[in-house]
Every structure is written in C-alpha cells, then in structure tokens.
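Notes follow once the structure below has been shown.
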Amino acid sequence: MGTMDQNTIPQDAILLTILAMGAVTFLPRLLPLLLLNRGKASGSAMPPLVESWLRHVPVAVLAAMLLPSIVVPNGQLDLAPDNLYLWAIIPTLLTAWKTRSLVGSVLAGMATVAIGRLVLG
Amino acid sequence: MPTESSTAQTTRVQPAWQRGLTQATPIILGYVPIGFAYGVMAQKSGLSTAHTVGMSLIVYAGASQFIATGLFAAGIPALSIVITTFVVNLRHMLMSAAMAPHLKTWTKPQLTAFAYELTDETFAVHAARFAGHKPDRAEVFWINALAQMAWVTGSYLGTVGGQVVPDPKPWGLDFALPALFVALLVLQIRDRLQIGIALATGVLAVTFTIWGLDRWAVILATLVGATLGVIWEQWTKTRSHKTRSY
C-alpha cells in the first residue's frame, strides 16, 4: 500500500467515488426492507434459491477477502513461518470463537502482530 | 425525545437515549478502535481528513472502507472500487430482509433511516433484541445513531493519530482488517456447510489472486463460492428426499 500519487486520482473524483460507494451500499440495505414490507405476505417474498444464495454471500465474501490478505500479502503466495499474519490468525480465531467479541478479536490479532514484530525486530 | 413508553408518567423508565446507549455500548467499544485503525490507514494512503471522515458518514461500512483506502492508494479505477464495495456490502441485503418482518408498522422514512445505519453489528444487536421485544423505535434509532457516531469519531481520531504515529506497522494496525474479517466470519458461521463454503471460497480467491486477477478475485470467488453452496444444499436436499421416499 503506497502513498497516493496526487496525480492519479483527482480530489473531486474521490468524492464522487465515495458518493457512488454510498449508493451501492445503501440500496442493498434499503430495498429488501421496503419491498418485503409492501405486501401483506408474512415471511419471505424472495425465491427460495435467491434467499439461499444470499444466505451464503456473507461467509463467502468474508473468506474471499480474508484468505488472500493473509497468504498472498505481496502478490506472491507466502506460507513461510515468518509470515506473522499466519500466526496472528490463531489468537484472533480463538478469541472470536470463545468470546464472540469483535473488538477483543481485533485487539488479540493486532497485539500478536505487534509483539511478533517487536520480538523479531 | 418522546417515545411510546416514556410518554407515560412514570419516572422509573429510562429515557430512550439511555436504553440505546446501554444496547450500543458493545458496538461503540468496537467501532471506536476499528474506526481509529481505518482512519490511520486512510491517512497513510493519502486520503484527506474530509474524505476519510466523509466516507464514514456516507458509506458507513467498515470492511469496504478499509479496502477502498488501499484501492485509492493503488490508483485503481473508480468503477472497480464501486463494484468491489457493492459486492462486499451485498451481505446487508440478507440482514435487511431478515429485519423486514419485525418492522411492518414502520413508515417509509423510518425504514429508510434504519436501513442507512444497518451494519453487521447493529443487525446483531437488533436481531437479538427483536427476538423477545417489540421494537421500540426511539431506542432503535439511538442504537444506530450512537453506533455511527462512534464509527465517525473513531475515524476522525485515526486521521489525527495517523499524523502523530509515523508508522502504523509496529502497532499491528495493518492487521485490524484481516482480524475484523476473521471475527465476522466466526460470528457468521453456523454449520458445516458454511465452513465448507468459507474454505472453498478462500482457496478460490487465493488461486485467482495468484493468477493475477487481483481485485476481481474477491468478486469471482464469492459468486462461485455462494453458488457452490446453493448447489450443495439442493443436492443434499434431493438426496435426502429420495432416501426418505424409498
């Protein structure tokens, strides 16, 4: 992650991009609430296959973002034991599993990486 | 702010903002430090303070904001950033659908305001709360508003901290996002099928990344992974129907 080259993206393009990001984030949050509350039908108005597919999206997208950030940190597969991220997964996973605490898990992971860097120099 | 319950004469009922604060406290404790990490990373990748905080106000979706800072820094085209954001945040559709039956009496403006601040964490709190209570509009809005305030405040503090802290690496701040993914993943997983989907999708994403598909890797792997999950579900369902009918 380098420092932004001021020439690559103009500042007003960043604002427009953020507004577009806001729109594509807001619509999936809003539309099911509005559409499913229109009719009297209780329960789901979505086709079962679509609902089932949507139910798998959270897990799939999180795994798809997570694993490459751990094992392909710089564009190359890195499964060596000096890859600190690989080790930091363990306390993060255990903390999340045992405490169900988001902040606790994040702090456990960050602390592992920080301590690892301190020890390894 | 008058509410359904506090318009009564009783003084023992806490005001809505206090009940909201009690409910929102675990979220606030999570959002301030994670927002801080986002603010530092955004500042380090060259985003202005206004854009960093603006993203927390306008987009308000942690994971995609972290990703966007990296993409902005790498000079990735805007369209790719928007598509990535869309796919990453598509999961909220399911949460929105799950909230719908509880909010049948709400007006459209109320639903719109609610949807704007629907996140993984507020969803988790509301889902637990609605299971046993009739939703109290004022309390729900306070939970959502306080949560986003915490996120925006954390982001701003991060941009300030980013100018003070020369290098976020010794603090492990660069691991905040992967750790957030791990925790969200663990909280989402309910059965073996989902563990299978997570592993398959993760391996696919790694493969696509190594092949050089880069930012498309997440989108492609997610589409394939979720579809594999549906196919697996349908296949086991028909198989169990067959075994039962014989």
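Okay, here's what the table says:
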{"quantity": "Scan of the stretch B:36-50 for residues that are surrounded by fewer than 22 Cβ atoms within 10 Å (Cβ to Cβ) and either within 15 Å of the chain's Cα centre (by Cα) or not small (G, A, S) (or both), ordered by number", "calculated": "B:T49"}
{"quantity": "Residue pairs meeting the criteria (Cβ under 9 Å; at least 6 apart or on separate chains; first in the same structural domain as B:A176 (by TED's automatic domain parsing) and surrounded by fewer than 18 Cβ atoms within 10 Å (Cβ to Cβ), in the stretch B:16-35; second modelled with pLDDT of 90 or more and among the β-branched types (V, I, T))", "calculated": "B:L21/B:I143"}
{"quantity": "Positions within the stretch B:5-44 being farther than 23 Å from B:Y116 by Cα and at pLDDT 90 or above, in sequence order", "calculated": "B:P15, B:V40, B:M41, B:Q43"}
{"quantity": "Residue under evaluation B:P101, criteria (1) at the interface with chain A (Cβ under 7 Å from one of its Cβ atoms); (2) more than 19 Å from the chain's Cα centre (by Cα); (3) in a loop (DSSP other than H, G, I, E, B), criterion not met", "calculated": "(3)"}
{"quantity": "Leading residue by the ranking (nearest to the other protein chains (Cβ to nearest Cβ)) among those in the stretch A:82-106 that are farther than 18 Å from B:I189 by Cβ and modelled with pLDDT under 90", "calculated": "A:V103"}
{"quantity": "Those helices (runs of 4 or more DSSP H) lying entirely in the stretch B:6-84 with at least 3 residues more than 8 Å from chain A (Cβ to nearest Cβ) and out of contact with any Leu (no Cβ under 9 Å at 6 or more places or on another chain)", "calculated": "B:16-44, B:49-58"}
{"quantity": "Selection count where residues are closer than 28 Å to B:G158 by Cβ and either among the aliphatic types (A, V, I, L, M) or out of contact with any helix residue (DSSP H, G or I) (no Cβ under 7 Å at 6 or more places or on another chain) (or both), scope the stretch B:176-226", "calculated": "15"}
{"quantity": "Candidate set: the stretch B:168-190, residues that are more than 22 Å from B:E121 (Cβ to Cβ) and either basic (K, R) or part of a loop (DSSP other than H, G, I, E, B) (or both); chosen: the one nearest to the other protein chains (Cβ to nearest Cβ)", "calculated": "B:K169"}
{"quantity": "Qualifying residue in the stretch B:108-118 (condition: of a type in the set (S, T, Y) and touching a residue at least 40 places away in the same chain (Cβ under 8 Å))", "calculated": "yes"}
{"quantity": "Test for B:W235: is it among the hydrophobic types (A, V, I, L, M, F, W, C), touching a helix residue (DSSP H, G or I) at 6+ places or on another chain (Cβ under 9 Å) and free of Cβ contacts under 8 Å to residues at least 24 places away in the same chain", "calculated": "no"}
{"quantity": "Residue in the stretch B:122-131 that is part of a loop (DSSP other than H, G, I, E, B) and more than 9 Å from chain A (Cβ to nearest Cβ) present", "calculated": "yes"}
{"quantity": "Residue in the stretch B:140-154 that is more than 7 Å from chain A (Cβ to nearest Cβ), touching a Pro at 6+ places or on another chain (Cβ under 7 Å), within 30 Å of B:I76 (Cα to Cα) and at pLDDT below 85 present", "calculated": "no"}
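Residue-wise test of (1) surrounded by 24 or more Cβ atoms within 10 Å (Cβ to Cβ); (2) of a type in the set (S, T, Y); (3) under 30 Å from B:A16 (Cβ atoms).
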position: B:P135; (1), (2), (3): no, no, yes
position: B:E139; (1), (2), (3): yes, no, yes
position: B:V152; (1), (2), (3): no, no, yes
position: B:Q163; (1), (2), (3): no, no, no
position: B:D167; (1), (2), (3): no, no, no
position: B:P170; (1), (2), (3): no, no, no
position: B:I189; (1), (2), (3): no, no, no
position: B:D214; (1), (2), (3): no, no, no
position: B:I219; (1), (2), (3): no, no, no
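The values are calculated or read from the model by the stated rules, or taken from the named source; none is laboratory data. Here the structure is a predicted model, which means the values were calculated and not measured. Counting neighbours? That spans all protein chains shown, and the Cβs are built from the backbone with ideal geometry, glycine included.
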